[in-house]
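S.K.: One structure follows; several queries about it will come next.
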Amino acid sequence: MEQLYNNLSLQFELNDFMLRHGTQASFIAKREQLVSLLTNLRDIHGYTHLVMVTCVDWLEDKLFQLTYIVHNHHDQSDIIVKVLIDRDMPEMDSIHHLWEQGRVFQRELHEMFGISFPGSPGQDEPMILEGWQGPPPMRRDFDTKEYCEANYSNRERDSREPEEHMQRKLYPED
Amino acid sequence: MIDNEINYDSEPVANAGDNSSNPTTSAYPDWRKDDNTLTNAGLPDEEQEWFCDARPQPARKSWQPIEDFLNWARANSLWILAFGTGCGAIELRPLVTSRYDISRLGMQPRPTPRQANVFMIGGYVSIKTLKRIVRSYEQMQGPKFVVAVCSCAINGGMYWDSYNTVKRIDEYIPVDVYVTGCMPRPEAVLAGFTKLKELIKAGKAEGQNLYAEKFDWYKENQKKVIKDWNMPDYNW
Amino acid sequence: MSIALKIVWAFISLGVVTVWGLTLNGIVHKIFARVQGRLGPPVWQPFIDIAKNNAIRTAITHGIMFYLGPVFRIAGGIGTYMFIPVLFGSAYFSNFSMSGDILLVMYFIFFGQLGMALGAGEGGHPYSAIAVSRGLAQMTAFEVPFALSIISLVVQYGTLSITEIVAAQQGSFLNWTLFTNPLAVIAAMIAMLGMNMYNPFSVVIAPQEIPIGPPTEYQASFMGLLATNRGIFAGAKLVLYMNLFFGGATNLPILMLKTFSIYMFSVFIGAAYPRFRTENSIRFFLKYPTILGIISVLLFSL
Amino acid sequence: MESLYPPIVNGKAVYDLESQKYLKMWQGPQHPGVTGNMSLELDICGDEVIKCDTHVGYLHRGFEKLMERRRYINCFPIVCRICVPEPDTNEYLFATAMEDLMGMEIPERALWLRTLNLELSRLASFLMWIGGQSGAFGMGTVAQWTIAYRDYVLDLFEEWTGARIYHMYMTPGGVRGALPEGWVNRAHKVLDGASKLLDEIRHVMLNNAIFKQRAVGLGTITPDMMDRYGIVGPNARGSGVARDIRMDMPYLVYPLLDFNIETESAGDAYARTVVRWKEIHQSISLIRQILAKMPQSGAVHTTLPNVLHLKVPAGQTYVRAESTRGEYGYFMVSDGSEFPRKVTVRGPSYTHAMALLEDLAVGVNIADIAGLMVSLHTYPPEIER
């Protein structure tokens, strides 16, 4: 894996290499180079299986960490490619032409995080939420509890706070 | 286990409250300022004529002995709408198979709302499903009964802070019987159906009339959460 | 017997066959349930269902034809039954049997389905429309072997009257059409599989694809009417088959035994098979049963 | 005069969907032929589907958002609700992702119990699926048999873990408890019955001429579609691509067990049915092996600090396991606090039901849509989570 990383580093601007269990490598790539990096990984190095595309919201750093996980079926190794993009104007190159399922992942990310992938088919159609008027709900600054209290009414109930209850029951001395 | 006391008289859901003093920098419209404007309030006029526009009226009962006989027939031939709205639907399958076999009680799943009498709400109800539930419920012919299975339909259950599920289904459609648990065992669901039968025989399961009487209240609640109201208001 | 008395007795026999047909439906549900390892609904469940359907307070309609659909359907059922002599040799249970009744009966068997197709079409539901096209296509297909086997019978016995066909089969059970003209009976029994719409020919009402089929939009008392017709029509078809192929019956217990046995043929096949697609079932009907029918017609006409 | 037939471009008929000549039909969400609460928007020409759109989101609860607000241990009741018929994979993966980040070691007996739990839930899920597949082709009898038999497996679960559907058995650091007294004998009895039932299913369903006629050639997946659509699990194995995470990237005690990857080459619905039928046999044999080889004593749980204030070291990891539908994965990001920063679930249904089904459904008879959809084995709750 390290050799692969060094080879890739000659071509692409990569940093922050990490290896878990010898088969799971992760590094950070540049936003502009991502599509060519993934094409390279897919066509030359055998990482043909796109496992997932997901996003981590680093609210404190004002960054979105887009994460692409690709898998190689021959030596059973994974590569986690992370791309940090600006949180205020999130825009990313689309990978729907590399994998058919890419458009589905991107559609969901567009809906849940508000990241736009220009050219990705059907990304503006609502996929999961219907008639949603709030901010993209998976962003960290969206307070789902506050939203619930404002929109739905809770039935009054006689309930024990599970945390306190468990604390009393399991760890009375703590 | 089964709770039939429903507070139908509670007030409509409180509005979003006045949080407009909360300035926000997001480029997206602020959900806190929601003033009940709908993105799509009903269908265009030219399509409205395809649907009935008469409001529902509470149905009259017939002469009591006849009504008793009809209630007996209704109670012994419950046709469940086969709409698995949530994870509770997975216990509907054991219910129709040999272990529990609801068909010996005269019940069967029915795939079209027109012919079904019982709506089994199987657990949590997301906003997108709620719209279909309302529509299916209105297409059912009365007297129609609703059995809310799982805690999530009663008070939100473990999704009490989820932005996409409603917390109380009885604000949107009238519920006759609740079955608590997550998930309730098939026996509990069976007990719920037995309770429903008792209610029907006693003539107490009048959810359809309640829906007609408090129609505006229900519609107001529905429109409050279903922002994409792309369906006719009345469709029987 | 005066015509007035005849009408009274015809309606009494209609009542008998309705009850028997609905009971048969209940038994069939029970048998399906037993094959599937369940207890199943009570035998009288169809009666409760009819009462329930008529107890529904509200009903919506989509137009005149929508109203008339179930009416046509039940008219077809009653019409079929009215021209079949029920018990051979009985003055009371012979309905309006006459010399050319077999033609009328064949007409009425398909009359109900066509009326239903018109009514369901006005329901406006896409599933209804698809099911109607499927149903009519399949009906046309199973009509071919059915008509061929009837023609074969007409040629064999040289008559168009059901009463005379039954009379020709009396004496010993070896005189039944089942033994004198087995090819026609096989063709007709396969056609009955399609008529009863159990598996493998249930694509019309396929609950996994187009739930319920044509009556998707029907509810309340429409549904009650259709359910009543299921009893009448099932009874009428079984009595017809019993008369044509299995020697008829001289008293009610024999009628019940014979119709029950004939029904079980399609029920047991229905419980054990998956369902054909429309084109599969049409191809099936136009292949083996049709060939059998043609052979039996040729055998008796040459 | 307009032509009756659509124009042919590159060997494919091009339909003008705006021309209002074609019927639009919805299957679902209220439809018994659809696997759960999702819907298909079908444009049909005659009996043939010319365009299919999958609509999901009816079951969205926002788990990934909810987990941000919950402590690690509070997430366990939530994750198992992601996939209703087979919840144990979720518990296992969430626990494993935590253990991976914390560098925790699991007692050996707990590993065996976890494997047993996963295999038993695989058996239950497959029994449910085979009922769905036969029901989709109109064979209600087999569906009744298998779904009723699944109840006996659920009984075993209930006795063992205390719950029928959602077990919440695997906690970080091990499992909640050992097997009850006499459980093994009862499990063997259930497994014997299951093998007998499977033989019956082979006679009634797999050898049935009508079933074969309809399932053979339906929704063929070719090996070159594998990577383009991200096809995993039995769907891939039905096309002759031997991919099984239990074999390729062994986890738990699978390296100690004796099994092989079942494949079929045709790639159609029938091949997928046969593969899954074989895998139920395999699963039964695995459970028997586990019951025979399992250590009878030992700890089932490591000692943990107060789980309510469990802090997971910062890091990112991806863990995967083979579920009944294929590769199931959890991507967990921790920022060192008591709450997970982000947990993403990769459900195999996600790609099978969205991108793949939309393409496979084109050209299929509407009567076969239900069979095709079930043969891909999709569960809507894991698509939208």
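The values are calculated or read from the model by the stated rules, or taken from the named source; none is laboratory data. Everything quoted here is computed from the prediction, not taken from an experiment. Glycine also receives a Cβ, built like all others from the backbone with ideal geometry; neighbour counts cover every protein chain displayed.
S.K.: Which residues, taken from the stretch A:59-95, are within 13 Å of chain D (Cβ to nearest Cβ) and touching a helix residue (DSSP H, G or I) at 6+ places or on another chain (Cβ under 6 Å)?
M.R.: Those that are within 13 Å of chain D (Cβ to nearest Cβ) and touching a helix residue (DSSP H, G or I) at 6+ places or on another chain (Cβ under 6 Å): A:Val70, A:Gln76, A:Ile95.
S.K.: Please work out which residue is farthest from the other protein chains (Cβ to nearest Cβ), limiting yourself to the stretch C:1-50 and to residues that are buried (at least 17 other Cβ atoms within 10 Å of the Cβ) and among the small types (Gly, Ala, Ser).
M.R.: Among those that are buried (at least 17 other Cβ atoms within 10 Å of the Cβ) and among the small types (Gly, Ala, Ser), it is C:Ala10.
S.K.: Further, regarding this structure: From the residues in the stretch D:345-364 that are within 16 Å of D:Val49 (Cα to Cα) and out of contact with any helix residue (DSSP H, G or I) (no Cβ under 8 Å at 6 or more places or on another chain), which one is surrounded by the most Cβ atoms within 10 Å (Cβ to Cβ)?
M.R.: If we take residues in the stretch D:345-364 being within 16 Å of D:Val49 (Cα to Cα) and out of contact with any helix residue (DSSP H, G or I) (no Cβ under 8 Å at 6 or more places or on another chain), then D:Glu358 is surrounded by the most Cβ atoms within 10 Å (Cβ to Cβ).
S.K.: Which of the residues spanning the stretch C:239-268 are closer than 17 Å to C:Val16 by Cβ and outside any helix (DSSP H, G or I)?
M.R.: Passing the criteria: C:Gly248, C:Ala249, C:Thr250, C:Asn251.
S.K.: Within the stretch B:54-85, which residues are of a type outside the set (Ser, Thr, Tyr), more than 21 Å from the chain's Cα centre (by Cα) and either outside any helix (DSSP H, G or I) or within 30 Å of D:Pro380 (Cα to Cα) (or both)?
M.R.: Result: B:Arg60, B:Lys61, B:Trp63.
S.K.: Of all residues in the stretch A:107-150, count the ones that are out of contact with any strand residue (DSSP E or B) (no Cβ under 7 Å at 6 or more places or on another chain), farther than 23 Å from D:Pro29 by Cβ and assigned to a helix (DSSP H, G or I).
M.R.: 7
S.K.: Next question. Taking the residues in the stretch D:47-79 that are aromatic (Phe, Trp, Tyr) and more than 8 Å from every other protein chain (Cβ to nearest Cβ) as candidates, determine which candidate is surrounded by the fewest Cβ atoms within 10 Å (Cβ to Cβ). Working first, answer last.
M.R.: Filtering the stretch D:47-79 for residues aromatic (Phe, Trp, Tyr) gives D:58, D:63, D:72, D:76.
Checking the rest, the ones that are also more than 8 Å from every other protein chain (Cβ to nearest Cβ) come to D:63, D:72, D:76.
Numbers: D:Phe63: 24, D:Tyr72: 27, D:Phe76: 21.
This residue is D:Phe76.
S.K.: While we're here: Hey, which of the strands (runs of 3 or more DSSP E) in the stretch D:5-114, taking only ones fully inside, have at least 3 residues that are free of Cβ contacts under 8 Å to residues at least 60 places away in the same chain?
M.R.: D:23-27, D:39-45
S.K.: Among what's in the stretch A:112-133 and is within 9 Å of chain B (Cβ to nearest Cβ) and touching a Pro at 6+ places or on another chain (Cβ under 8 Å), pick the residue that is surrounded by the fewest Cβ atoms within 10 Å (Cβ to Cβ).
M.R.: First pass over the stretch A:112-133, keeping only residues within 9 Å of chain B (Cβ to nearest Cβ): A:114, A:126, A:128-133.
Of the ones still in play, those that are also touching a Pro at 6+ places or on another chain (Cβ under 8 Å) are A:114, A:129, A:132-133.
On the way: A:Gly114: 20, A:Leu129: 23, A:Trp132: 20, A:Gln133: 16.
The extreme case among them is A:Gln133.
S.K.: Determine whether the stretch A:18-37 contains at least one residue that is at negative phi, surrounded by 13 or more Cβ atoms within 10 Å (Cβ to Cβ), in contact with a helix residue (DSSP H, G or I) (Cβ under 7 Å, 6 or more places away or on another chain) and part of a loop (DSSP other than H, G, I, E, B).
M.R.: For the stretch A:18-37, residues at negative phi, surrounded by 13 or more Cβ atoms within 10 Å (Cβ to Cβ), in contact with a helix residue (DSSP H, G or I) (Cβ under 7 Å, 6 or more places away or on another chain) and part of a loop (DSSP other than H, G, I, E, B): absent.
S.K.: From C:Glu209, C:Glu217, which residue is surrounded by 23 or more Cβ atoms within 10 Å (Cβ to Cβ), without any contact (Cβ under 8 Å) to a residue 24 or more places away in the chain and within 14 Å of chain B (Cβ to nearest Cβ)? So that I can check it myself, show each step before the final result.
M.R.: On the way: C:Glu217 fails: without any contact (Cβ under 8 Å) to a residue 24 or more places away in the chain.
Going through C:Glu209, C:Glu217 in turn, just one is surrounded by 23 or more Cβ atoms within 10 Å (Cβ to Cβ), without any contact (Cβ under 8 Å) to a residue 24 or more places away in the chain and within 14 Å of chain B (Cβ to nearest Cβ): C:Glu209.
S.K.: Does at least one position in the stretch C:266-285 carry a residue that is over 15 Å from C:Leu193 (Cα atoms) and either at pLDDT 90 or above or touching a Phe, Trp or Tyr at 6+ places or on another chain (Cβ under 9 Å) (or both)? Walk me through how you get there before you give the answer.
M.R.: Of all residues in the stretch C:266-285, those over 15 Å from C:Leu193 (Cα atoms) come to C:279.
From what is left, the residues that are either at pLDDT 90 or above or touching a Phe, Trp or Tyr at 6+ places or on another chain (Cβ under 9 Å) (or both) are none.
There is no residue in the stretch C:266-285 that is over 15 Å from C:Leu193 (Cα atoms) and either at pLDDT 90 or above or touching a Phe, Trp or Tyr at 6+ places or on another chain (Cβ under 9 Å) (or both).
S.K.: If C:Val71 meets every condition in (1) farther than 29 Å from C:Leu257 by Cβ; (2) over 22 Å from the mean Cα position of the chain (by Cα) apart from one, which number is that one?
M.R.: Evaluating C:Val71 over (1) farther than 29 Å from C:Leu257 by Cβ; (2) over 22 Å from the mean Cα position of the chain (by Cα) leaves (2) as the failure.
S.K.: Consider the stretch D:188-214. How many of its residues are within 13 Å of another protein chain (Cβ to nearest Cβ) and more than 20 Å from D:Ser125 (Cβ to Cβ)? Step through it out loud before you land on a result.
M.R.: At the first step, the residues of the stretch D:188-214 found to be within 13 Å of another protein chain (Cβ to nearest Cβ) are D:193, D:197, D:200-201, D:203-214.
When the remaining residues are screened for being more than 20 Å from D:Ser125 (Cβ to Cβ), the result is D:203-204, D:207-214.
Result for the stretch D:188-214: 10.
S.K.: Got a sec? Which helices (runs of 4 or more DSSP H) wholly within the stretch C:1-112 have at least 3 residues that are among the β-branched types (Val, Ile, Thr)?
M.R.: By residue number, C:3-35, C:64-82.
S.K.: For B:Asp101, only one of the following conditions fails: (1) over 30 Å from C:Glu122 (Cβ atoms); (2) of a type outside the set (Lys, Arg); (3) more than 8 Å from chain C (Cβ to nearest Cβ). What is its number?
M.R.: Exception for B:Asp101: condition (3).
S.K.: Hey, can you tell me all the residues within the stretch D:80-97 that are more than 11 Å from every other protein chain (Cβ to nearest Cβ) and surrounded by 24 or more Cβ atoms within 10 Å (Cβ to Cβ)? First the steps, then the outcome.
M.R.: Of all residues in the stretch D:80-97, those more than 11 Å from every other protein chain (Cβ to nearest Cβ) come to D:88-97.
Selection gives D:Asp88, D:Thr89, D:Asn90, D:Glu91, D:Tyr92, D:Leu93, D:Phe94, D:Ala95, D:Ala97.
S.K.: Could I ask something else about it? Where residues in the stretch B:192-236 are within 14 Å of chain A (Cβ to nearest Cβ) and among the polar types (S, T, N, Q), which of them is nearest to the chain's Cα centre (by Cα)?
M.R.: Top of the filtered list is B:Gln222.
Let's see how each residue does on (1) touching a strand residue (DSSP E or B) at 6+ places or on another chain (Cβ under 9 Å); (2) farther than 30 Å from D:Met102 by Cβ:
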site: D:Pro295; (1), (2): no, no
site: D:Gly298; (1), (2): no, no
site: D:Gln316; (1), (2): yes, no
site: D:Thr344; (1), (2): yes, no
site: D:Gly371; (1), (2): no, yes
site: D:Glu382; (1), (2): yes, no
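S.K.: Restrict the check to the stretch B:135-144 and report whether at least one residue is in contact with a Gly (Cβ under 7 Å, 6 or more places away or on another chain) and more than 8 Å from every other protein chain (Cβ to nearest Cβ).
M.R.: Filtering the stretch B:135-144 for residues in contact with a Gly (Cβ under 7 Å, 6 or more places away or on another chain) gives B:144.
From what is left, the residues that are more than 8 Å from every other protein chain (Cβ to nearest Cβ) are B:144.
Among the residues of the stretch B:135-144, at least one is in contact with a Gly (Cβ under 7 Å, 6 or more places away or on another chain) and more than 8 Å from every other protein chain (Cβ to nearest Cβ), which makes the answer yes.
S.K.: Now a separate question. Limited to the stretch C:37-52, what total is found for residues that are of a type outside the set (A, V, I, L, M) and over 22 Å from B:Leu70 (Cβ atoms)?
M.R.: Of the residues in the stretch C:37-52, the ones of a type outside the set (A, V, I, L, M) are C:37-38, C:40-42, C:44-47, C:49, C:52.
Now restrict to residues that are over 22 Å from B:Leu70 (Cβ atoms): C:37-38, C:40.
Residues meeting the conditions: 3.
S.K.: Which numbered condition in (1) among the aliphatic types (A, V, I, L, M); (2) more than 30 Å from B:Gln139 (Cα to Cα); (3) facing chain B (nearest Cβ under 10 Å) is the only one that C:Ile186 fails?
M.R.: Of (1) among the aliphatic types (A, V, I, L, M); (2) more than 30 Å from B:Gln139 (Cα to Cα); (3) facing chain B (nearest Cβ under 10 Å), only one is false for C:Ile186: (3).
S.K.: Check the stretch B:96-108 and report whether any residue there is in contact with a Leu (Cβ under 8 Å, 6 or more places away or on another chain) and closer than 25 Å to B:Gly156 by Cβ.
M.R.: No; the residues of the stretch B:96-108 include none that is in contact with a Leu (Cβ under 8 Å, 6 or more places away or on another chain) and closer than 25 Å to B:Gly156 by Cβ.
S.K.: Is at least one residue of the stretch D:27-35 within 14 Å of chain A (Cβ to nearest Cβ), closer than 19 Å to B:Arg135 by Cα and surrounded by 17 or more Cβ atoms within 10 Å (Cβ to Cβ)? Can you show your working first?
M.R.: Going residue by residue through the stretch D:27-35, those that are within 14 Å of chain A (Cβ to nearest Cβ) are D:29.
After this cut, where a residue has to be closer than 19 Å to B:Arg135 by Cα as well, the list is D:29.
Then drop every residue that is not surrounded by 17 or more Cβ atoms within 10 Å (Cβ to Cβ), which leaves D:29.
Yes: the stretch D:27-35 contains one or more residues that are within 14 Å of chain A (Cβ to nearest Cβ), closer than 19 Å to B:Arg135 by Cα and surrounded by 17 or more Cβ atoms within 10 Å (Cβ to Cβ).
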